[in-house]
Amino acid sequence: MKAKGTKIKTMMLAVMIAAVMAVAAPGSAAETGWKLADGPLKTKWAKDVSPSNTLPEYPRPQMVRKDWLNLNGLWDYAIVPKDGGSAVSAYDGKILVPYPVESALSGVMRRVDENQKLIYKRNFVIPKNWAGKRVLLHFGAVDWETTVWVNGKKIGGHSGGYDPFSLDVTGALKKSGVQELKVSVWDPTDKGYQPRGKQVQKPEGIWYTPTSGIWRTVWLEPVPTTYIKALKLTPDLDKKEIRVEVSAESATSGVVAEAVITLPDGNNKISVSGTPGSVMRLNFPKVSDIRTWSPDSPYLYDLSVRLHKGSSKSASIDSVKSYAGMRKVEVKKDAGGVPRIFLNGKPLFMYGVLDQGFWPDGLYTAPTDDALRFDIEMIKNLGFNMARKHVKVEPDRWYYWCDKLGLLVWQDMPSGEDPDMNRKEYQRSKESADQYRVELADMMDFLVNHPSIVVWVPFNEGWGQFDTVNVTEWVKRRDPTRLVDNASGWTDMNCGDISDIHKYPEPDAPAIETYRAGVVGEFGGLGFTAKGHNWREGLERIAGSTGGGKNWGYRDFQGDEQLWRQYQSLDLLLGRLIRLKGLSAAVYTQITDVEIEVNGILSYDREVMKFDPGRMAAENSKLYGATETGARQELRTVIPTVADGNALWRMTIKRPSDDWMKPEFDDSRWRKGPGGFGAVSGGPKKVVNTSWTAKQIWLRKEFDIPAGGCIEPMLNIFNSDVTEVFINGVLAARADTPVNSYVLLPVEPAAAATIKSGGNVIAVTCKTSGAGQYIDAGLSVVCEKK
């Protein structure tokens, strides 16, 4: 998403944010126990959060063991100088882990800058039935540089804010009794080179509040000396198999890995055995045993894996439960010779939302597992089949719900460094480039088994983009089962499987290529502020003043019907692009508001739906189902706007009779003028060719369309105030509020039905309530090629 045009008074916003952060400083209730901090906005799930009920779900759905100990809950915390040691004389208070320290749900809601670090501490007791086993300490994610001590002994660390890591703490544990765990975290946010996504220390526009420290579940797990460390599951529809690789820790000679999958009938199973680290192949005996995974039918196979020594009947040394999905994604040419994205051998238009994964009360951390699931179900219910997870990596359970509910995922690598505004590759330091590559590999290894993920996106809009061709080829070699979108927007380096452009607000499509599929990776961004449910109002409430700043969107709308009509026109345009320009996928910005960015389908707190869900789902459903009609159709401009070449109109500023919009009305006494009617030009998109300074103007023009059938008439209007458009005397469109750029509007069906070959009349009137009036209108249709 582009930062250009951000409408906000940064200094004033920073003052308000500072006031908000101050309310939970040491000395508040957070010192003696936990309570939800008074943040700008909260979700309905916040009420379900408590120290005894903090994300209690098993955090690793694709490698499940029955025994584990959740360490989420109240910890001691302190914010200390970065260069100080780990010793803390007095802690600042309690923090609810795993919610980030900047969040309301943490109970702290304080900022940590690049000169400070976080110290966490808590005690735990090892269950008695874990005796004789090794104990692993797992962190879902900690942002960014982590060091861990158990009972005063340093046991390891990690650098990376988005991937899980584990440490064997067995050697540091006392034989019995209370154990002490201490964690130190340093996070420079945008003062460092590490991948950070949209986190900044001074949020504004499309940049948001940072997440520092622990932000995913922390947990303990008992394992035997030889245990299953990781799984890699690779579906192969062509070969009718699932390849299974089992990584085992301390596997001695004679240890065997065994994988068993349950077939769709629920009774029969197939199994395979091999040495740990080898590629084992689960071959389906019959085609009827293969159930593919797709958004419409997200079938998952139950899978169990164990280690044993000796015969297949030997007792297990270690075992885990998992699941797998059978699907294939590829780019190949459709019947019309256009490269498109295929899923399971069939072309599928992938239509998704930009999903940034922010929460007003938890920031990077969803309040509950139900909240995670809600977003995915909502995306599906609105008629989308995909989400582009934007410069963030979610907890494992988010992808689990995508797998289970059937939502395709395009996974971004979180960005670091700034974009090169000249649309060139960024010059990273060696340290920065090396860290990017490490975290990219870790992200892919973490998510590799999820069937819902179908596209990797290494770079977004040139943010820190470097060595693109080599990075893209490396990703493809590492995972040839998925597509690679080398750069979403801006800086395409002609590599990978996808050519991706960003276009706001109306979508477009890149030129059709020989091998790569064309997509619009971002479009839309229609802004609408949900009163009483937006971040800025909350900031001003806590600060005790109204700062006078504005919320932000790519295009702002005041009425929900106008917002809907514009969305409907974007969908109609997408349909054209699919057929006429080979568009294979599109991503609408975005599923929810995020902080002061108000272009979400839902408000930030998920309380306000800005569109009618059924209406949106019905409109979106029209886009699915590949078609080759585009080979026989073309887009025709019937009436050009100023930008498209201009047209000559009849005009008057004197009120005509009530039948002025009828085809038979005599406008011969109206004067002629070229399109672009207004008082003062305003840049390349607002060109005045005919002066108009009165309060209202009436326009008429005859037009013709080719014989043989034309469909999907669409208006393109730039209006400064209330505008009505008629075609052949029938209301075609109405725009109730001004929009200071061109807006696409579909023609009402009743008006569209009157359009014929020859003898049509379009009539437009626009009112103005002040200076700066302007009106221009165009019309296009889709016609059969000659």
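The values are calculated or read from the model by the stated rules, or taken from the named source; none is laboratory data. Since we're looking at a predicted model, the values are computed, not measured. Neighbour counts run over all protein chains shown; Cβ positions are idealised from the backbone, glycine included. Protein only, heavy atoms only, side chains kept; ligands, DNA and RNA dropped before computing areas. Shrake-Rupley method; radii C 1.70, N 1.55, O 1.52, S 1.80 Å.
Considering only protein heavy atoms and a 1.4 Å probe, what is the carbon-and-sulfur percentage of the accessible area of the chain? Accessible surface attributable to carbon and sulfur in the chain totals 50 percent.
Taking 37 °C and 0.692 mPa s as the conditions, I'd like the Stokes-Einstein D for segment 432-474 in µm²/s, using the Kirkwood hydrodynamic radius from alpha carbon pairs.
Working: Rh = 11.4 Å.
For these conditions, the coefficient is 288 µm²/s.
How far is helix 369-381 tilted, in degrees, relative to the longest principal axis of the Cα atoms in the chain, given as a value from 0 to 90 rounded to the nearest 10? Taking the Cα atoms of the chain, the angle to 369-381 is about 30 degrees. Can you tell me the 0 to 90 degree angle between the C-alpha axis of helix 396-405 and the longest principal axis of the chain, rounded to 10? Its long axis makes an angle of about 60 degrees.
Computed with every protein chain present, the accessible area of Trp207 is close to 60 Å² [probe 1.4 Å].
3J(HN,Hα) along segment 357-367, derived from phi through the Karplus expression 6.51 cos²θ - 1.76 cosθ + 1.60 where θ = phi - 60°, amounts to x, 9, 10, x, 9, x, 6, 6, 9, 5, x Hz, with x in place of Gly and Pro. Let a ≥ b ≥ c be the square roots of the eigenvalues of the Cα gyration tensor of segment 338-428; is it rounded (a/c under 1.5), or, if not, prolate (a/b larger than b/c) or oblate? It comes out oblate by the Cα gyration axes.
Provide the per residue accessible area, probe 1.4 Å, for the chain, rounded to a whole number of square angstrom. Mind showing how you got there, number by number?
Working: 30190 Å² over 786 residues.
I get 38 Å² per residue for this part.
When the helices of the chain are scored as -39500 (n - 2.57) per DSSP H run of n ≥ 4 and the total is divided over every residue, the value at 222 nm lands at -4500 deg cm²/dmol.
Quick one: grab the alpha carbon gyration tensor of segment 431-531, order the square roots of its eigenvalues as a ≥ b ≥ c, and give me rounded if a/c is under 1.5, else prolate or oblate depending on whether a/b is larger than b/c. Numbers along the way, then the final one.
Details: a/c = 1.66, a/b = 1.40, b/c = 1.19.
Prolate, since a/c reaches 1.5 and a/b exceeds b/c.
Over segment 458-582, the ratio between the Cα radius of gyration and 2.2 N^0.38 Å evaluates to 1.39. Within the assembled protein chains, the solvent-accessible surface assigned to Asp736 is about 80 Å², based on a 1.4 Å probe.
Could you please report the charge total around Gly140, scoring K, R as +1 and D, E as -1 over all other residues with beta-carbon less than 14 angstrom from its beta-carbon?
Details: positive: Arg60, Arg216, Lys392, Arg397; negative: Glu57, Asp143, Asp163, Glu221, Asp369, Glu394, Asp396, Asp442.
Neighbourhood net charge equals -4.
Report the antiparallel proportion of the DSSP beta bridges in segment 483-605 as a percent, rounded to a multiple of 5. List each step's numbers first, then the result.
Numbers: 2 of 16 bridges.
Roughly 10 percent of the DSSP beta bridges within segment 483-605 come out antiparallel.
Once both labels are positioned 7 Å from their Cα atoms along Cα-to-Cβ, the gap between Lys672 and Gln558 label points is 3.7 nm.
Cα-Cα over 27 Å: which of Lys47/Lys128; Lys42/Lys380; Lys133/Lys321?
Details: Lys47/Lys128 34 Å; Lys42/Lys380 23 Å; Lys133/Lys321 19 Å.
Beyond 27 Å between Cα atoms: Lys47/Lys128.
Computed on the Cα atoms alone, the convex hull of segment 223-351 gives a volume of 129 cubic angstrom per residue.
Quick one: grab the alpha carbon gyration tensor of segment 112-250, order the square roots of its eigenvalues as a ≥ b ≥ c, and give me rounded if a/c is under 1.5, else prolate or oblate depending on whether a/b is larger than b/c. The shape class here is oblate.
How much accessible surface area, in Å² rounded to 10, belongs to the heavy atoms of Ser273 with a 1.4 Å probe? The value for Ser273 is about 70 Å².
Ordered from largest to smallest accessible area (heavy atoms of protein chains, 1.4 Å probe), the residues Ser176, Ser488 come out as Ser176, Ser488.
Under conditions of 37 °C and 0.692 mPa s, the chain yields 115 µm² s⁻¹ as its translational diffusion coefficient, taking Rh as the Kirkwood radius over Cα pairs in the Stokes-Einstein equation.
Please give the FRET efficiency for Lys202 paired with Asp38, using the beta carbon to beta carbon distance and R0 = 30 Å, rounded to the nearest 0.05. The calculated FRET efficiency here is 0.90.
The distance from the alpha carbon centre of segment 350-404 to that of segment 228-263 is 29 Å, rounded to a whole number.
By how many degrees, 0 to 90 and rounded to 10, does the Cα axis of helix 10-22 deviate from the longest principal axis of the chain? Once rounded, the angle reads 40 degrees.
Can you give the FRET efficiency for Ser159 and Ser311, using 1/(1 + (r/R0)^6), R0 = 41 Å, r = Cβ-Cβ distance, to the nearest 0.05? Before the final figure, lay out the partial values.
Working: r = 44 Å, r/R0 = 1.08.
After rounding, the FRET efficiency stands at 0.40.
May I ask for the distance between the Cα centers of segment 727-786 and segment 132-159, given as a whole number of Å? The distance from the Cα centre of segment 727-786 to that of segment 132-159 comes to 63 Å. For segment 527-581, the equivalent ellipsoid built from the Cα gyration tensor has semi-axes of 34, 11, 8 Å, listed from largest to smallest. What the phi angles of segment 214-222 give under the Karplus curve with 6.51, -1.76 and 1.60, with θ = phi - 60°, is a coupling list of 5, 9, 10, 4, 10, 7, 10, 8, x Hz, glycine and proline written as x. Positive-end ranking of Val469, Tyr426, Ala441 along the dipole of segment 425-477, with charges on Cβ about the Cα centre, is headed by Val469.
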